[in-house]
Amino acid sequence: MSKLGDLGAKLYRGEVGYDFVGKRFLWYGVSILITITAIVALAVQGLNMGIEFKGGAVFTTPKTAVSVAKATEAAEKASGHDAIVQELGTGGLRIQISGVDTDAATGVKKVLATDLKVTEADINADLVGPSWGEQIANKAWTGLGIFMVLVVIYLAIAFEWRMAVAALIALIHDLTITVGVYALVGFEVTPGTVIGLLTILGYSLYDTVVVFDGLKEGSKDITKQTRWTYSEVANRSINGTLVRSINTTVVALLPVAALLFIGGGFLGAGMLNDISLSLFVGLAAGAYSSIFIATPLVVDLKEREPAMKALKKRVLAKRAAAAAKGESPDDGYASEDEPQVVAQGRQGRRR
């Protein structure tokens, strides 16, 4: 067995572990700091909305010897707006200019034909109205709202309302960070970005549900024993799925990183950036929130219950009694007729 596999087995059996729940206020502080940074970036710099949302024109030229830099200069001079120029595999150029209406597009096309030394008739011009982008944005917000409502309803039925609330907060956390990163780096927001954002919500939810499922099984009949508190069971559930979460996240991030850094960076395929950045940041944030945010939040909400408070008092009292007798910490936590909560849950999963 590999070292990682051996570590995963030990984490699963509870032989080793990290106190994620015990240090939850540290993770809350880190998340609040990151979220505030994202919100400030969004408020100060704003998002670089693509042509699909602002409206404008896209010109596609035939093969030309003019460089991207010179074409950008010519397009901005002709239109008076910022231009994004990309070289196509055919040797032609794709010139995207925001804020250009139908009348202005005709004049820009003529200037581009002259400066790029191509025939005006060979330049293809596509105009995009801002109303189309507004419709896309409204549909995206509607889809996001419906998704959030369905998630809360499902988790409340399948698990409990506390887990639904924690999962919703984690999803909002992931969205805020991802959108904030777009504001910081200035990448263009396109319909591909929206697709990427909706995709990461599903992945983040999957990771969270895996941990919640282990917690649900592990905490079954928890008040009938005096070995573990709810927070300790939650911490064991996180550790039990930790290696799985790391493996799935790394496997998912590798192809996305290839799109972002190789496709968008080295090869210059800028159109890949809009979706790959949202996927890369969102996947990483989703894995983080499922471990460091969602489950600790459930613990904070759950341990407010009188039954969980009473359980914690019984567990601590029994441990204090065991310590007074000079017994080891693993002795005396549970009597022979008390259920072994976490062990039962894991045996159920193996079946």
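Pulled fully out, how much extra length does the chain show between Phe25 and Ala324, if you take 0.36 nm times their separation in residues and subtract their Cα-Cα distance? Walk me through the numbers on the way to the answer.
Details: separation 299, 0.36 × 299 = 107.64 nm, distance 3.09 nm.
So the chain would gain 104.6 nm between Phe25 and Ala324.
Filter the cross-link list Lys302/Lys325; Lys54/Lys77; Lys23/Lys313; Lys70/Lys139; Lys139/Lys220 down to pairs whose alpha-carbon distance in this structure exceeds 29 Å. Walk me through the intermediate numbers first.
Values: Lys302/Lys325 32 Å; Lys54/Lys77 20 Å; Lys23/Lys313 20 Å; Lys70/Lys139 38 Å; Lys139/Lys220 41 Å.
Correct reply: Lys302/Lys325; Lys70/Lys139; Lys139/Lys220.
Out of every Cα pair in the stretch 88-139, what percent are spaced more than 18 Å from each other? Mind showing how you got there, number by number?
Values: 550 of 1326 pairs.
Tail of the P(r) past 18 Å holds 41 percent of the pairs.
Just to compare against my own numbers: the Cα pair-distance distribution for the stretch 66-115, 5 Å bins, whole % per bin, please.
4, 23, 35, 24, 11, 3
What do you get for Rg/Rh over the stretch 192-305 if you use C-alpha atoms and the Kirkwood form of Rh? Before the final figure, lay out each step's value.
Details: Rg = 17.6 Å, Rh = 15.5 Å.
Reported Rg/Rh (Cα atoms, Kirkwood Rh): 1.14.
In vacuum, with every alpha carbon of the stretch 21-60 counted as one equal point scatterer, what does the Debye formula give for log10 I(q)/I(0) at q = 0.25, 0.35 Å⁻¹? Two decimals, please.
The calculated log intensity ratios at q = 0.25, 0.35 Å⁻¹ are -0.83, -1.04.
Let me have the relative contact order for the stretch 63-114, percent, based on Cα pairs under 8 Å that are six or more residues apart. Write out the running numbers ahead of the final one.
Values: 55 pairs, mean separation 18.7, N = 52.
RCO, the stretch 63-114: 36 percent.
Give the lysines whose C-alpha is closer than 16 Å to that of Lys318, dropping any in the same chain fewer than 8 places away, or say none.
Lys224, Lys309
Across all directions of projection, what mean area in square nanometres is found for the Cα convex hull of the stretch 30-112? Present the calculation step by step, with values, prior to reporting the outcome.
Values: hull surface 29.5 nm².
One quarter of the hull surface, i.e. the mean projection, equals 7.4 nm².
How big is the stretch 153-227 by the Kirkwood estimate over distinct Cα pairs, in Å? Walk me through the numbers on the way to the answer.
Numbers: mean 1/r = 0.0695 Å⁻¹.
The Cα-based Kirkwood calculation yields 14.4 Å.
Work out, step by step, the length gained on full extension between Ile39 and Tyr18: first 0.36 nm times the residue separation, then minus their alpha carbon distance; give nm to one decimal. Working shown, then result.
Values: separation 21, 0.36 × 21 = 7.56 nm, distance 3.08 nm.
That pair, Ile39 and Tyr18, stretches by 4.5 nm at full extension.
With every protein chain present, what is the per residue accessible area of the stretch 226-327 (1.4 Å probe, Å²)?
Details: 4510 Å² over 102 residues.
Heavy-atom accessible area per residue stands at 44 Å².
Could you report the accessible area of Glu120 in Å², rounded to 10, computed with a 1.4 Å probe on the protein chains as they sit in the structure?
Using a 1.4 Å probe on the heavy atoms, I get roughly 70 Å².
Average projected area of the Cα convex hull of the stretch 55-164, in nm²? Working shown, then result.
Details: hull surface 39.0 nm².
Across all orientations, the stretch 55-164 yields a mean hull projection of 9.8 nm².
Measuring from label point to label point, each 7 Å out along Cα→Cβ, what is the Asn247 to Lys313 span in nm?
Taking the two extended label points, one gets 4.3 nm.
What distance in nm separates the simple spin-label points at Asp126 and Lys110, each placed 7 Å from Cα in the Cβ direction?
2.6 nm
Estimate the FRET efficiency between Ser67 and Tyr206 by the formula 1/(1 + (r/R0)^6), using the beta-carbon distance for r and 56 Å for R0, to the nearest 0.05. Provide the component values of the computation, followed by the final result.
On the way: r = 45 Å, r/R0 = 0.81.
So, using R0 = 56 Å, E works out to roughly 0.80.
The values are calculated or read from the model by the stated rules, or taken from the named source; none is laboratory data. Computed from a predicted model, the values in this text were never measured in an experiment. Note that we place each Cβ from the backbone using ideal geometry, even for glycine, and neighbour counts take in every protein chain shown. To get the accessible areas, we keep the full protein, side chains included, count just its heavy atoms, and leave off ligands, DNA and RNA. Shrake-Rupley method; radii C 1.70, N 1.55, O 1.52, S 1.80 Å.
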